[in-house]
Amino acid sequence: MVSIDQKKCLGCGLCVKDCFFDVLQIKDGKAEVSGDCFGCGHCVALCPANAVTMPDYPMEEVLEYEESCRMNPENLLHFMQFRRSVRQFQKEPVPMESMHNILEAGRYTPTAANRQDVSYILIKENLDEFKKIVWNGLGERLAKGVPDPYAYRMQIFYDAYQKDPQDDRLFCGADICMLVLSDLPVNGTLAMTSMELMAQAQGVGVLYSGFLQRIILDTPKALDFLGLDGTKTLGTVMLFGMPAVTYRRTAPRKKINVTWK
């Protein structure tokens, strides 16, 4: 998986020192590969001579570090403090370039054991069909009396929708519904956090929907529509759209609970 250009290699040993599983070694003054590679790419990222490549990956996407990549810590903290879950969306579609950048943010998020096991299902063109399946699934779920601490809220949503289908508190008028899937749940969780921040940076609104996740997992027709067979964990459902609301300040939060030992 890793290839080292012996003509470029300086034999500095930086890649060897940073190789967590001791796959790299210095031999005759040059770095060489022995054993199964973890595929983390650290050797590519830190080689001062740009002598390392990973042929199984698109090397043309590797970027050189620039000082402009640095982010002001105070600005970053303020940016995160001002993020809000959006439940009011415009009819304006989300630009495809923005969605590309959002998915790239998920792609470059770290994964446990470098599994890179996160995948995505985006519903846009067939969203109206999917909405009907989900709302019918919720009705069946409520009729069966499935135990759920949020059942009373779901009942409120369902009753409002039955009275007026435009009062859709599950999808909120979003343009795109995304399902985040992974072998290990934590990997999907990490990816969606990165994607939400990227969405906010581009002015795209996001809503994490635990309600939708619960309903989808309990609705066979929804699972069939999505082609889910249980081999991957549904980390969450995310709704994307252009915000129809502007938040002018941060929202209150409880004091942080920290224990140092």
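So that you can scan it fast, the table gives a plain yes or no per residue for (1) in contact with a helix residue (DSSP H, G or I) (Cβ under 7 Å, 6 or more places away or on another chain); (2) part of a strand (DSSP E or B); (3) surrounded by 15 or more Cβ atoms within 10 Å (Cβ to Cβ):
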site	(1), (2), (3)
Met1	no, no, no
Gln6	no, no, no
Leu10	no, no, no
Val16	no, no, yes
Ala31	yes, yes, yes
Cys40	yes, no, yes
Val44	no, no, yes
Pro55	no, no, no
Leu63	no, no, no
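Residue-level check: of (1) open to solvent by less than 50 Å² (accessible area, probe 1.4 Å); (2) among the aromatic types (Phe, Trp, Tyr); (3) within 20 Å of Arg115 (Cα to Cα), Phe89 misses just (3).
Of all residues in segment 225-248, those satisfying the criterion of being farther than 27 Å from Asn136 by Cβ and either free of Cβ contacts under 8 Å to residues at least 24 places away in the same chain or in contact with a Cys (Cβ under 9 Å, 6 or more places away or on another chain) (or both) are Thr246, Arg248. Residues of segment 213-261 that are closer than 25 Å to Asp117 by Cβ, in a loop (DSSP other than H, G, I, E, B) and not basic (Lys, Arg): Asp218, Thr219, Gly227, Leu228, Asp229, Gly230, Thr231. Hey, among the residues in segment 148-168 that are more than 26 Å from Gly227 (Cα to Cα) and part of a loop (DSSP other than H, G, I, E, B), which one's least open to solvent (accessible area, probe 1.4 Å)? Per the criteria, the residue is Asp167.
Considering segment 227-250, the residues that are farther than 16 Å from Val206 by Cα and of a type outside the set (Ser, Thr, Tyr) include one that is modelled with the lowest pLDDT, namely Gly230. Does Met59 meet the test of being open to solvent by less than 90 Å² (accessible area, probe 1.4 Å) and out of contact with any helix residue (DSSP H, G or I) (no Cβ under 6 Å at 6 or more places or on another chain)? The answer is yes for Met59. Taking segment 115-131 as the range and being among the polar types (S, T, N, Q) and surrounded by 13 or more Cβ atoms within 10 Å (Cβ to Cβ) as the test, the residues that pass are Gln116, Ser119.
All conditions but one from (1) open to solvent by 40 Å² or more (accessible area, probe 1.4 Å); (2) part of a loop (DSSP other than H, G, I, E, B) apply to Val94; the one that does not is (1). Does segment 65-76 contain at least one residue that is closer than 30 Å to Phe211 by Cα and within 23 Å of the chain's Cα centre (by Cα)? Yes - at least one qualifying residue is present in segment 65-76. Set side by side, the residues Asp218, Asp183, Asp229, Asp224 differ, and just one is touching a strand residue (DSSP E or B) at 6+ places or on another chain (Cβ under 9 Å) and among the acidic types (Asp, Glu), which is Asp183. Within segment 176-201, residues that are within 13 Å of Phe240 (Cα to Cα) and open to solvent by 60 Å² or more (accessible area, probe 1.4 Å) reach partners that are part of a helix (DSSP H, G or I) and not hydroxyl-bearing (Ser, Thr, Tyr) with beta carbons closer than 6 Å, at six or more positions or on different chains, in the pairs Met198/Asn101; Met198/Ile102; Met198/Ala105. When segment 222-243 is filtered for residues that are more than 21 Å from the chain's Cα centre (by Cα) and more than 15 Å from Leu127 (Cβ to Cβ), only Asp224 remains. When restricted to residues that are more than 17 Å from Pro93 (Cβ to Cβ) and not in a strand (DSSP E or B), segment 169-199 contains 18. Residues in segment 104-111: is at least one closer than 30 Å to Glu125 by Cβ, among the small types (Gly, Ala, Ser) and surrounded by 13 or more Cβ atoms within 10 Å (Cβ to Cβ)? Yes; the residues of segment 104-111 include at least one that is closer than 30 Å to Glu125 by Cβ, among the small types (Gly, Ala, Ser) and surrounded by 13 or more Cβ atoms within 10 Å (Cβ to Cβ).
The values are calculated or read from the model by the stated rules, or taken from the named source; none is laboratory data. Just so we're clear, the structure is a prediction, and the values are computed from it rather than from any experiment. We place every Cβ from the backbone using ideal geometry, glycine too, and count neighbours over all the protein chains shown. For accessibility, only protein heavy atoms count, side chains too; no ligands or nucleic acids. Shrake-Rupley method; radii C 1.70, N 1.55, O 1.52, S 1.80 Å.
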